[in-house]
């Protein structure tokens with residue numbers, strides 16, 4: 001029974017996206033707080049690809065415990081006593097020589113870590129990484145909050161100087177210890193309830209687009225967690241039920257054997273001192289000792305079963321609470337979507353997107369007044385790598401400057417908020433064209449530039465087999481898209497397959 005007990009405890013510990021899971025409580029903070037990160041927007045001192053930046057986090061995530069990346073980045077895994085109150089955590093440290101200076105790159109590093117350490121998909125890791133950064137910015141240097149949520153073992157690694165994440169990149173190196181909360185007793189997933197608490201959601205809702213898509217993605221993660229937790233909890237409860245039934249059967253058998261021993265002892269006359277009677281008494285004494293040991297073992301098993309039943313009940317309560325959170329958040333998201341749609345005409349009339357030139361090439365996508373050309377405040381400014389955009393996917397398609405390279409994205413035409421972005425690295429000066437209902441751009445594939453084709457959700461549908469000149473012009477006809485290959489030849493490709 002001990003072995004089965006350990007298996008059930010392990011199943012309960014692993015509830016979530018694997019084993020460690022990010023916490024999602026509802027502690028509140030000042031609703032006027034709005035997290036806006038200050039990023040370095042000048043020319044990078046070193047050009048790194050998106051995969052290279054993400055690879056920093058992946059390298060940290062491949063080893064448990066504490067690991068350092070060339071003395072610049074470090075993760076400390078703190079798993080305290082199971083009986084201690086509070087959460088365990090991974091503490092993500094930016095050392096004084098850390099070179100990251102843009103929030104998107106920091107999120108890429110965290111994304112790589114979450115994927116390697118916990119096995120999250122790229123999409124889920126990207127969602128969680130954004131929540132982690134906002135969460136740590138909301139509670140920056142708030143030791144009272146962190147102390148109320150985390151185990152003392154975790155707090156031993158924090159101070160008021162570096163806890164959380166500053167809003168300015170200038171304060172990141174040597175002054176950052178971000179917390180990634182973990183489900184207690186687990187070893188392979190992030191506790192999502194904490195990083196998506198009401199304070200964090202309140203901040204996200206101050207964005208122009210109310211972070212609707214991001215919040216939807218988090219809700220999707222929670223709903224998948226609920227499904228996994230329900231399955232594992234049901235299996236654990238069934239296992240405990242069988243153990244309890246077995247223990248009850250064993251108890252009944254033990255009681256019958258004890259009754260038999262008592263009956264035999266009572267049948268012996270106290271005056272009978274014959275060798276046979278003496279031998280029988282010794283046999284009965286030995287049997288009683290054996291039964292006493294079995295009873296003690298059964299009592300221990302029953303206490304273990306009761307403890308695990310309490311753990312299962314707590315897990316079921318958590319599932320109900322998380323399901324209620326999801327229901328409320330779905331309701332809030334729907335209300336926010338209705339509100340956004342209700343002001344859509346006013347927003348469209350308020351301004352039009354325009355790309356202003358920037359030193360070193362590329363530009364800034366801004367919103368201007370439709371009559372005066374004056375740049376309108378309170379809109380996000382998107383750094384783009386080329387001075388053109390295309391209408392596509394219900395918004396405007398651009399190539400955003402990302403990590404020294406580019407990434408295709410679709411922005412909301414009324415707010416310039418990012419609706420969706422591609423995962424692949426795009427050539428910064430790539431042509432960006434729409435043809436046949438698809439979006440085409442030059443993308444990097446294993447160090448080679450190829451023509452890529454996206455749908456309106458920016459899912460990559462095809463990559464050309466032929467390597468292309470990254471500066472290629474695109475010409476569309478009824479049956480082909482013409483490109484210039486790496487040798488300078490003009491090649492016709494199938495618009496459907498890019499073969």
Filter the stretch 55-77 down to the residues that are under 18 Å from the mean Cα position of the chain (by Cα) and either closer than 21 Å to residue 143 by Cβ or modelled with pLDDT of 90 or more (or both) and list them by number.
55, 56, 57, 58, 59, 60, 61, 75, 76, 77
Within 19 Å of residue 301 (Cα to Cα) and out of contact with any helix residue (DSSP H, G or I) (no Cβ under 8 Å at 6 or more places or on another chain): does that describe residue 267?
no
Please verify whether the stretch 388-404 includes one or more residues that are on the phi > 0 side of the Ramachandran plot, in contact with a helix residue (DSSP H, G or I) (Cβ under 8 Å, 6 or more places away or on another chain) and outside any strand (DSSP E or B).
yes
Would you please list the contacts, defined by Cβ atoms under 7 Å and residues six or more apart or on different chains, that run from a residue in the stretch 80-108 that is surrounded by fewer than 17 Cβ atoms within 10 Å (Cβ to Cβ) to a residue that is part of a helix (DSSP H, G or I)?
84/152
Can you pull out the residues in the stretch 223-274 that are more than 30 Å from residue 323 (Cα to Cα) and either outside the structural domain of residue 314 (by TED's automatic domain parsing) or in contact (Cβ under 8 Å) with a residue 40 or more places away in the chain (or both)?
246, 247, 250, 251, 254
Please state which one of 160, 259, 199, 244 is under 23 Å from residue 94 (Cβ atoms) and surrounded by fewer than 18 Cβ atoms within 10 Å (Cβ to Cβ).
160
Which condition number in (1) farther than 14 Å from residue 441 by Cβ; (2) over 26 Å from the mean Cα position of the chain (by Cα) is the one that residue 397 fails?
(1)
Please go through (1) touching a strand residue (DSSP E or B) at 6+ places or on another chain (Cβ under 9 Å); (2) not in a helix (DSSP H, G or I) for residue 170 and return the number of the only condition it doesn't satisfy.
(2)
Which of the numbered conditions does residue 154 fail, given that it passes all the others? Conditions: (1) touching a residue at least 40 places away in the same chain (Cβ under 8 Å); (2) closer than 30 Å to residue 421 by Cα; (3) not in a loop (DSSP other than H, G, I, E, B).
(2)
Residue check: is residue 458 in contact (Cβ under 8 Å) with a residue 60 or more places away in the chain and surrounded by 14 or more Cβ atoms within 10 Å (Cβ to Cβ)?
yes
Looking only at the stretch 383-423, how many residues end up being free of Cβ contacts under 8 Å to residues at least 40 places away in the same chain and either surrounded by fewer than 22 Cβ atoms within 10 Å (Cβ to Cβ) or in the same structural domain as residue 112 (by TED's automatic domain parsing) (or both)?
3
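The values are calculated or read from the model by the stated rules, or taken from the named source; none is laboratory data. All of these numbers come straight from a predicted model, not from anything done at the bench. FYI the Cβ positions are ideal-geometry reconstructions off the backbone, even for glycines, and counts take in every protein chain you see.
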